[in-house]
Each structure stands twice: as structure tokens, then as C-alpha cells.
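Please treat every number below as a calculation from the coordinates, not as lab data. Worth saying up front: this structure is predicted, and the values here are computed from it rather than measured. Here Cβ is always computed from backbone atoms with ideal geometry, including for glycine, and neighbour counts include all displayed protein chains.
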Amino acid sequence: MAEAVANKIAEPAASSLPYVARAVEIERRDDGAILLRSPYPPASPPRSIAHLFLDQAASHADRPFILQRDAEGAWRGLTYGEMAARARGFAQWLLAQPGAAGGVLVLSGNSVAHATVMLGCYLAGRPSTALSQAYSLGASDHAKLRHCAATIRPGVVFVEAGAAYADAIAAVRALLPDVITVSADGAGNTIALDTLTAIAETPAVDSALAAIDHATIAKYLFTSGSTGMPKAVPQTHGMMTAMVAARAGLMADPAERCPPTSVDWMPWSHLSAGNIGFNNNIWAGGTLYLDDGRPLPGQFATTLHNLLDVKPQLFSSAPIAFEMLVTALERDWTAAAALLPGLRWMAYGGAALSQDLADRVQRLALEVIGRTIPIITTYGSTEVQGITMVHWPTRAVGMIGVPLPGVLLKLAPVGDKLEVRVKGPSVMAGYLGAPEQNAAAFDEEGFYCLGDAARFVDPADPTLGLEFDGRISEDFKLTSGTWVSVGTLRPAVVAAASPYLRDVVITGADRPYLGALAWLAGADLDRAAAEQAIAARLRAFNAAQGGSSRQVARLLLLDEPPSVAAGEITEKGYINQRAVLARRTDAVARLYAATPDDAVLLLV
């Protein structure tokens, strides 16, 4: 039975995807560069996200827009009409504040109140800037918080709970004494948001709305700061609506809007949830359920409970959440039988989903519901929104797809790799207040340079699109002079050791051989048995590799989980290789000790 199920995975997934067939146009230039674009035109973009939201509110005022669980566990929130009224009230108040040109800095996480503030800013033509909560609650010195506040100089700070964020508010106020503080609960000497949303609007709101166009800055998103302090990326309404138009251009039926419901935990301080997820929910006229769970030990049970309650058509998350979901469903077939039948498709982004993990998903789906579930992905960055997409049914994962409508992608030769570079209406004009960084960010033709490398999945069939070929800045050389492609090796190691490893960080720059720092996939695993299994699997993996650039000689399991506060892992669950190596030099030294301790697994 198991062998028969495994064989079926190779068959194309039975497609319930709403998208057009895969296609790409290619131009090869004499300088070695390759230009790629979609043959499908984007739809006509909305004037702004503010206008799009108000149009949806006028069309279905009574439809639930955004919900989250209250203290008793019931879903509470606002309809489109209710949100429009509250956002207009906040916009009216914001327009009356002479020092609020810099907009609102949001320090707390996703919430109905946060959404109200964000949409109110959109209506007023003022930027809304959400920061990672780790900058406020996870850092004692508030260095990144103070840097971000100094960069955008907001007139207002919003938090969910005034008392909990008192220290963070004080850090901002020390820099900006006149900043106004607003909270959802009115505690800690802050203004209660409900007071402001109840303000009667004047014609000033419609006047502000009339002045908004594609060039208007809707928000600032900050980069992760993995190589220094975070950089502020202006997000214009034109950039965000270009992504709405790109997705609409890929719909097989232009009249279809989906998904009607979504469950999301990923933070709005990042592109995927704060722009693409939030805005696509508005475009679809959908209902967004805010998930208080996280893909962390002890917290994913909340996410699973919410998924089983809502039963969305789409499960979209970081790869780490896929691992936790499939592990939970493999152990609970009742939950699997309740959730999987309603899933039209699944989507991941931000990091590679290992083929082994994807196959586990499909084996489970075949056994429980008798069909596979299409798994798609979108590739992009804070600076450019979405770039490419895998929007067709395929067993293979790890690909980044073909360009979205409206995007011009250039693969530029850099050494022996092809760097991804992008032009289009979704690309930023430049970082805020960073002329030197902007000069280095764009090439001579005005393409933004991502620093990522890509290659064709099959040069003979370009419609299969591209696959990630590593992060040029993360790649390094061994002392032998051999280059190591970290971005492709990391998921391969995790897949080879499946299901025992959650993630790994590759070591070996200027060393004679590769090593790895790793975390076990679950606290309930028997460590001794897991170590034996990992060692056996990775020795077999090494034996199948062609040389030292793909063979991991030693591995050390880390007891301390990756730290959000130290920047080792983002709120979305993505590991920052550079930050881990910088913080865990002692662990790296153990890997390369002449006589390693007993905890180091010797794999060659």
C-alpha cells in the first residue's frame, strides 16, 4: 500500500487551481543576460489600496472583513462596512494632527485594531509602518526600534496594549518628544483608539483620498537587518496595486476572486502578510481570520485548532509551518480528514520547501482524501514585492517559477551564476534616506539587484521556470578554493535527514570541510535515536554527492532554539544564517576542533 501511494505522488496533482497555464517569453542578449517576462498582461490596477477597500466595502458592507479570537475564544471582528466607518474616523483624526506627516509607527502585532490603523492611514494618505515586535519586546536596548523611528520620524505610535509597550514607547519618545501614543486599550497614558475611530469625519477625508495616486507612499517596510541596521523601503500604492493586478492577470476566470477565507499568523511587518496577503484578501472580498498561533513548539496547536475551525480553501505559510502541520496530521487522522478535503491548494514562500516534506504532504493527502493537493509558491522581496510564481500543479518544489504579469526579470551573469534583477511598477524607487545604498542596489539599466542566483529548471523547457541557485552573498569557498552554494545545500541536508531536522546552518568558510549546526524537528524526539538516524541518513547523502562542496563532514545539534531577539530567526520562522554564525562562534569552533567532543556527529 505504501509503495503504491508513493508511486502516485509522481503523477500531476489534480488541479483545482484558478490560474492560467504556465508560459514565459525569453530574450537572450549578446552580453549573456537573459530577459524573461510573462505573456499575460496584468489587469488594470486599482488607484490605491484605499480605493480598492472602499469599493469592496460599498459592494458588501455586511460581509465579515477581519476576525480574531477574543478572551473567551470566540471570533470577533468587523465587517467591511464597520471597518470603513472606523478607518474614516481614524483618518479624520490623523489629518487634524499637524505633526503626523510621518504617519503611524505600529509596534505591536496583527490585530483588528492594527488593521483599522493601517487602513485609516491609507485613507488619509499617511504612511503606516509596522515593526517586528522583537524590536520592542525582545530587545533591552531598543537599538533597532530607535533606528527605525529616527529613519521615518512618525507623528504617532500605536500599540495594542499601552502598559506592555511602555518601555518601547519611552524609547521612541526620548527620540521624538512630541510623538502621540495611541493604544487599543487606552492604558499607560495613551489615547484609546475607540475614541478616535468614533470621530465624525469632515470633507477632509474625501479630499485626502482624492489626492492619493500610485506615487503616494502607503507604508514603510523595513528589511530584516541581517547585514546591519534595517533599511526603510517605501511601499507606494502603485507598488502594492501592481501585485493585485498581477495576480488578477493570472486568473483563468477574470471574474473569480479567491480565496474567500484565509487564516494567517505571519506578521504584517513583512511583505508576504502585510502586503500580498492583506491586499489580496481585500481584492477577493474575503474574510481574514487572524491566527494567534505560531510555528513554534507549544504554539502550533493554536494554529491547527484555528485551521480546523475555519477550514480555509488555502493553507499558506512558511515551510516550518508545513513541517509542523504534516507532523500533526500524520498523528491525528481525524484532524487530517477534517482539514484536507477543503484545501484547494497550499502555498509557501520566503524559504525553500524540501521535496521530502512536500512528498509527506502528498502521501498523507492521497491516503486520507485520495488526491494530491497543488502546492504553489511566490518569490519576491520587500524591495520588489512579488517577482515570480509557480502557479501550476507540479510534484516538484524548490522552484521559483516564471515572472508575474508586469514584471521584467533579468538574469545577469555574475561569476558562474545568474543573478536575479527586476524592473517593473512593483519595484521601489529606492531606500529612504540611503543614497549610497541606492546607488549599489540598481544596475546600469535600472534593474534592482536581489543578490539571489537562479537557473532554469530545464533549459530545454523554459516554461518550467526557474529554481533558486543560492544567495550570492552567502556562498563561500572552502580552503581548497571550492565554492559552496549554501542556499541549495541547506534544504537538501534537511530533506536528507527528514523527518529529524527542523533546519540547519552551513559552516565552512575558509575551512577545509563543511559542517552544520542544526535543530531537532521536535522536543519529543528521542535524542540518541535521532542522532543515529541523522548520522546514517547524512552519511548516505554524502556518499551520493559529487564533491566536498556538497558533503557535510560534521554536524552539531543545538539545544538553544534560534533567537528572534538576536535576529537568528525572523517572526516568520526563517533562519538567518549570517546571524546564527556570528552569535554561535563557540559552536562553530566545536565543529572544527582537532578532537571534537562527543556531541559532534562525524559524518565522513
* Structure fact -> Inter-part gap, Cα centre of the stretch 388-458 to Cα centre of the stretch 315-329, in whole angstrom, is 27 Å
* Asked: Within a Cβ distance under 13 Å of Thr79, other residues only, what is the Lys/Arg minus Asp/Glu net charge?
  -> +1
* To do: Using packing as a proxy for protection, rank 107-118, 252-263 so that the peptide with the highest average count of other Cβ atoms within 10 Å comes first.
  => 107-118, 252-263
* Structure fact -> Surpassing 30 Å at the alpha-carbon level, of the pairs Lys219/Lys423; Lys231/Lys477; Lys231/Lys423; Lys144/Lys410; Lys219/Lys410; Lys231/Lys410, are Lys144/Lys410
* Quote to one decimal, in nm, the extra length available between Asp178 and Ala71 on full extension: 0.36 nm per residue of separation minus the C-alpha distance between them. => 35.1 nm
* Using 0.36 nm per residue, how much length does the chain from Leu525 to Arg331 gain when fully extended, once their Cα-Cα distance is taken away? -> 68.4 nm
* **Charge tally in the Cβ shell below 10 Å around Val402, where Lys, Arg are +1 and Asp, Glu are -1, Val402 excluded** => +1
* Structure fact -> Expressed in nanometres to one decimal, the distance between label points 7 Å along Cα→Cβ at Thr202 and Ala143 is 4.5 nm
* Structure fact -> With only helices counted (DSSP H, runs n ≥ 4, each -39500 (n - 2.57)), the per-residue ellipticity at 222 nm for the chain, to the nearest 500, works out to -9500 deg cm²/dmol
* Asked: Going highest first, how would you order 350-356, 499-505, 240-246, 535-541 by mean Cβ packing within 10 Å?
  -> 240-246, 499-505, 350-356, 535-541
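First obtain the Kirkwood hydrodynamic radius of the chain from its Cα pairs, then insert it into the Stokes-Einstein equation at 20 °C and 1.002 mPa s, and state the resulting D in µm² per second as a whole number.
In µm²/s, the coefficient is 85.
Loop only per DSSP, at most 13 neighbouring Cβ atoms within 10 Å: give me the trypsin sites (Lys or Arg not before Pro) in the stretch 13-120, ordered by residue number. Don't skip to the end; give the middle numbers.
Details: sites: Arg22, Arg28, Arg29, Arg37, Arg47, Arg69, Arg76, Arg86, Arg88; in loops: Arg22, Arg29, Arg47.
Here the trypsin sites (Lys or Arg not before Pro) that fit, given the DSSP loop and packing criteria, are Arg29.
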* Structure fact -> Of all DSSP beta bridges with both partners in the chain, the antiparallel percent, nearest 5, is 65 percent
* Asked: If you find the alpha carbon centre of the stretch 529-604 and of the stretch 54-84, how far apart are they in angstrom?
  -> 46 Å
* Using DSSP, restrict attention to beta bridges with both residues in the stretch 476-602 and report what percent are antiparallel, rounded to the nearest 5. => 70 percent
* Asked: Do any GluC sites (Glu not before Pro) in the stretch 500-604 lie in a loop, going by DSSP, with at most 13 other beta-carbon atoms within 10 Å of their beta carbon, and if so which?
  -> none
* Packing-based order for 376-382, 589-595, 485-491, 319-325, using average beta carbon neighbours within 10 Å, highest first -> 319-325, 376-382, 485-491, 589-595
* To do: State the percent of C-alpha pairs, over all pairs in the stretch 413-543, separated by a distance greater than 17 angstrom.
  => 70 percent
* If we restrict to alpha carbons, what Rg and Dmax does the stretch 86-212 come to, in Å? -> 13.7, 44
* To do: Give the relative contact order (percent, whole number) for the chain; include only Cα pairs under 8 Å separated by 6+ residues.
  => 14 percent
* So what's the convex hull volume per residue for the Cα atoms of the stretch 476-602, in Å³? -> 104 Å³
* Structure fact -> If each part is reduced to its alpha-carbon centroid, the stretch 148-197 and the stretch 289-312 end up apart, in Å, by 29 Å
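Fully extended, how many nm does the chain gain between Ser16 and Ala301 (0.36 nm per residue separation, minus their Cα-Cα distance)?
99.8 nm
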